[in-house]
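Worksheet: the structure to be examined is printed underneath.
The values are calculated or read from the model by the stated rules, or taken from the named source; none is laboratory data. Remember, predicted model here, so these are calculated numbers, not experimental data. Every residue, glycine as well, gets a Cβ built from its backbone with ideal geometry; the counts of neighbours run over all protein chains shown. The accessibility values were calculated without ligands, DNA or RNA, using every heavy atom of the protein model including side chains. Shrake-Rupley method; radii C 1.70, N 1.55, O 1.52, S 1.80 Å.
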Amino acid sequence: MQLLTKPSSKITAATLLIALGIIYGDIGTSPLYVLKAIVGEREINETLVYGGVSLVFWTLLFQTTIKYVWLTLRADNQGEGGVFSLYAIVRRYSKYLVIPTILGATTLLADGIITPPISVSSAIEGLNSVTGMEKIIVPGNGLTIGIVITIISVLFFFQRFGTQIIGKAFGPIMVVWFSMLLIVGGAEIIKYPAVLNAFNPYYGYQLLVNYKEGFWLLGAVFLCTTGAEALYSDLGHCGIKNIRITWIFVKLSLVINYMGQAAWVMHQPASFLKIVNPVTKITSQEMNPFFEMMPHWFLLPSIIIATAATIIASQALISGSFTLVSEAMNLNFWPRVTVRQPSNIKGQIYIPSVNTILWLGCVLMVIYFKTSSSMEAAYGFSIVIAMIMTTILLNYFLLFKLKWKQVYVIIIIGLFAVIEGSFFIANVAKIKERWMFLFFELFIFMTMYVWYYARKINNRFMKFVDIGKYTSQLLELSTDDDIPKFSTHLIYLSKANNKTQIEEKIIKSIFAKNPKRADVYWFVHLNRTGEPYTMSYDVSELMDDKVMKININIGFRIQPKTELYFKQIVQDLVKNKELNLHIRPDGSTKYNAEPDFKFVVIEKFLSIENDFAIREGLLLKSYFLLKDMGLSDEKAFGLEKSDVVVEQIPLVYQPIQELGLKRNTKQLMPFAED
């Protein structure tokens, strides 16, 4: 079993194009709604507009360029990025990093529910600016909501088929998108070059300090960098060099477009972009500067391009959610669920249950909020928490992995703590707009929390024994013709890291009331490594030709296929004439050429003979409930095509000490007879 190579870091036109198509969908579509959210219903003036776009520029510089593109991308795990990859690197340095990791993953998954609706809604609502469609496509009306839901539903439906065909168009479409941002924004700047004064941080300071409730506008400003965390998560698809080079073009396009929108806003005749009747709450006017500054002849093409870009952005988040849940399963943060490979592209997976949850969440978001403007008020809170959690993990990476001096780490982390702390405070105000969203986040968090900590409790009561103590008994059983042969090759899955140990429950299973006689006993251990794509194995012969222990090392991004691994290992041993397997009968017959392999999977259930403390009781009961809802062990380990025997054993965590049952000492009266 070879070691899979990590994603290529070569720089070519093709790899740069791939990076543009995969990495920047979320952050690249932010111009559709950021400045609109900053201005909102407020009266247009220089402090508001210049201050807002100034804060956007400096946020992109500090939060996206310095923190993520320059610093966090260095925290790659064999070329892979994301919160779980970072956790896998630094978890050895502190036992308190589990909760930050769970919170970071929870909020990233939550982002996958709100980003597609807000992006697609913003693009479709742009049709309201097209002459003749002002009364047809109205933000929040039934037709607009229907179109948005249809686009999102089609996108989720086609996830099961993979993106290898349409994915080839992502790069060219995003090149067109960013070129459009650059050209249209640049045209407005040429008309009104005074807008370049907004680069001066003084305008941002004025907005925060002197503008009424200016600090709370940071919640809208933050929307410009929400895609930075996804940028890090997609590191493995493109490589750090390709991301850093393409970011130069992307950032230039974004900044120029934001400046162009600010120039248009300052020189259009209206005093407000949005006018809402305070009594009826009916919007009588709502302009999106992104579409309003488009040349009239180019408005419809720009909406089509924007819609395509938002679909790509949504696709990137959906794919990222699949990868995130897959990593969570492999690092024991998530129950085992069905994972499929819709194509031959490495790393591309499809998780039906996650796809359904995300689709339902997106549809409910569109129905509840109706318009992109309403979604803006709820967007950002999740991602700022994800960024804070990444900063916590990054602190350990800089200190212990890069071995930076502590004073430098304090300065860097302190800077990000101030920035992200400010964004967090400003986004807290959005909770009242998104309270229903907290239930979804709580569900994800509790699922990860219960699964991780209940497994820790479960493993605490797992007893391991030395196989050497039982080799003579295994030999005697294997040669005892009075006992029917259970299988030629009997394979148990073991959690024992030690090559000479297995679980006590496996020994009990072999020497049960009906002992399991076999010619060869195999104990297979799947070892999840901290690297993403490890695939290697080693074999230990614990008793001549009778007892074997196999350790298979699997990266945390690999879906296990235990049956295929085991058969390949046996074939390798036979081919190399090792362990006398090439001269030993494998159990095949003239009627069936398949070797006689039988796997035994031992599953636990929660015994009624337990007296729980409150926390442990809730954790374990919730754990087994999730386990019953998830994938069976035989399917999770890739054994569904094999001859598998599943055995159930009770888990007795804390035996009941006192039943309270007492004998009645009074004379028992016999039943009266008729």
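Can you tell which of F215, F222 is surrounded by fewer than 16 Cβ atoms within 10 Å (Cβ to Cβ), closer than 26 Å to D26 by Cβ, aromatic (F, W, Y) and touching a helix residue (DSSP H, G or I) at 6+ places or on another chain (Cβ under 8 Å)?
F215
Taking only region 201-257 into account, find how many residues are among the acidic types (D, E) and either touching a residue at least 40 places away in the same chain (Cβ under 8 Å) or under 27 Å from G112 (Cβ atoms) (or both).
Result for region 201-257: 2.
For I483, are the conditions met, namely being in a loop (DSSP other than H, G, I, E, B), over 30 Å from Y87 (Cβ atoms), of a type in the set (A, V, I, L, M, F, W, C) and open to solvent by less than 40 Å² (accessible area, probe 1.4 Å)?
For I483, the condition - in a loop (DSSP other than H, G, I, E, B), over 30 Å from Y87 (Cβ atoms), of a type in the set (A, V, I, L, M, F, W, C) and open to solvent by less than 40 Å² (accessible area, probe 1.4 Å) - is met.
Give region 543-555 a look and list any residue that's touching a Lys or Arg at 6+ places or on another chain (Cβ under 8 Å) and surrounded by fewer than 19 Cβ atoms within 10 Å (Cβ to Cβ), or say none.
D545
Run S487 past the list (1) touching a Lys or Arg at 6+ places or on another chain (Cβ under 9 Å); (2) farther than 17 Å from V601 by Cα; (3) of a type in the set (S, T, N, Q) and report the number of the one that doesn't hold.
Just one mismatch for S487, condition (2).
Please find, within region 442-470, the residue that is least open to solvent (accessible area, probe 1.4 Å) out of those that are part of a helix (DSSP H, G or I) and farther than 23 Å from G617 by Cα.
I467
For region 314-333, state whether one or more residues are of a type in the set (S, T, Y), in contact with a Phe, Trp or Tyr (Cβ under 8 Å, 6 or more places away or on another chain) and open to solvent by less than 10 Å² (accessible area, probe 1.4 Å).
No, there is no match, as no residue in region 314-333 is of a type in the set (S, T, Y), in contact with a Phe, Trp or Tyr (Cβ under 8 Å, 6 or more places away or on another chain) and open to solvent by less than 10 Å² (accessible area, probe 1.4 Å).
Could you please give the count of residues in region 565-578 that are exposed (fewer than 13 other Cβ atoms within 10 Å of the Cβ) and not in a loop (DSSP other than H, G, I, E, B)?
Qualifying residue count for the region: 2.
For region 30-76: of the residues being open to solvent by less than 10 Å² (accessible area, probe 1.4 Å) and not in a helix (DSSP H, G or I), which is farthest from G414 (Cα to Cα)?
Y33
Select from region 509-528 the residues that are under 30 Å from Q348 (Cα atoms) and either of a type in the set (D, E, K, R) or open to solvent by less than 20 Å² (accessible area, probe 1.4 Å) (or both) and list them in ascending order.
Listed by number, the residues that qualify are V524, H525, R528.
Taking into account only those residues within region 225-242 that are hydrophobic (A, V, I, L, M, F, W, C) and touching a Leu at 6+ places or on another chain (Cβ under 7 Å), which is surrounded by the fewest Cβ atoms within 10 Å (Cβ to Cβ)?
I240
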